[in-house]
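The values are calculated or read from the model by the stated rules, or taken from the named source; none is laboratory data. For clarity, every value in this text was computed on a predicted model and none was experimentally measured. Every residue, glycine as well, gets a Cβ built from its backbone with ideal geometry; the counts of neighbours run over all protein chains shown.
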Amino acid sequence: MKKWKTLAIFLVFVLLAFYFGNFGFGKSEIRSSVQLGAASTKNATFKEGFCVYPDSKFGRIVAEELQNRGYKVSVIESPAECNSQFLAVWVEGINTTYFPFMAKGSIKVKAVYSSLGKPDHYLKYLNATDKERELITFVSNVNGEMQAYLVAYVTDSSKGLMGFRWYQEHLMEEAAKNLINSIENARQRTNIKS
C-alpha cells in the first residue's frame, strides 16, 4: 500500500511539473500570417521607443521582444498619450491541444499602433459596438502620424518534451515577433514613400 501512495504522489508531482513547468525541448513547425492596415500622412514622424498597453502577460512578451530589438519600452497601465510610439496589444483567442510530448495550437492577436503615441484609434475601437469595423477605421489624419491595425494568426505543431505553460508562452512569443516584424516593415515602407 505504501508503494502505491508513493507512486501516486510521484505521478501528481510529474503532472504538475508538466502543467506548470516553463520548459520546452524539441521542434516546432510554425505557420503565421498578419493582416495589416496602415494609414499615414506625408512625412510621418516616428517617436523613439514604445509605450505598450496593457500590462498583461502578452503585453510584457511584446515589450520584451521590442527591448531585445533595441527599443526603449515602457509598459503602461492605461491607454494614454505617451512620448513614444503607442502599441496596444491583446490576445483575441488561443487554442491548444497539449500532451507532454506533442502539442498543437493556434493564437489570434490584435494590435493598434500610432507613431506619435496617440491612443485615439484604440480608444475608439474599445468603445465601439461594431469592433471589427472600428478596428479598420482610422481616426482623422494627424499631421505626421502613421496609424496601423494588425491581426496576427499563428499556428504551431511542436514535438518534444515541454510544459503546458511554456507552450502557451511559445505561441505568444511567436505572435509578438510577427506583430513587431510587420510594424517594422510598415515603418520602412512609409519612410521610403516619404
Residue within the range 167-188 that is of a type in the set (A, V, I, L, M, F, W, C), modelled with pLDDT under 95 and in contact with a helix residue (DSSP H, G or I) (Cβ under 8 Å, 6 or more places away or on another chain) present: no
Of all residues in the range 96-123 being among the small types (Gly, Ala, Ser) and closer than 26 Å to Glu169 by Cβ, the one that is surrounded by the fewest Cβ atoms within 10 Å (Cβ to Cβ): Ser106
Options Phe23, Phe10; residue that is at pLDDT below 60, surrounded by 10 or more Cβ atoms within 10 Å (Cβ to Cβ) and within 23 Å of Arg165 (Cβ to Cβ): Phe23
Check on Thr129, over 30 Å from Thr190 (Cα atoms) and assigned to a loop (DSSP other than H, G, I, E, B): yes
Members of the range 28-50 that are farther than 15 Å from Ile183 by Cβ, basic (Lys, Arg) and either surrounded by 14 or more Cβ atoms within 10 Å (Cβ to Cβ) or at pLDDT below 85 (or both): Lys42
Checklist (1) in contact with a Ser or Thr (Cβ under 7 Å, 6 or more places away or on another chain); (2) basic (Lys, Arg); (3) free of Cβ contacts under 8 Å to residues at least 40 places away in the same chain applied to Lys104, failing item: (3)
For Lys131: the one exception among (1) over 20 Å from Ala63 (Cβ atoms); (2) at pLDDT 95 or above: (2)
Residue that is farthest from Trp166 (Cα to Cα), among those in the range 64-105 that are part of a loop (DSSP other than H, G, I, E, B) and of a type in the set (Asp, Glu): Glu81
Test set (1) of a type in the set (Ser, Thr, Tyr); (2) surrounded by 12 or more Cβ atoms within 10 Å (Cβ to Cβ); (3) under 16 Å from His121 (Cβ atoms) - Tyr71 fails condition number: (3)
Hits in the range 147-162 - residues which are surrounded by fewer than 19 Cβ atoms within 10 Å (Cβ to Cβ) and touching a Pro at 6+ places or on another chain (Cβ under 9 Å): Leu161
Odd one out for Thr137, checked against (1) assigned to a loop (DSSP other than H, G, I, E, B); (2) at pLDDT 95 or above: (2)
Total residues in the range 47-63, condition without any contact (Cβ under 8 Å) to a residue 60 or more places away in the chain and in a loop (DSSP other than H, G, I, E, B): 5
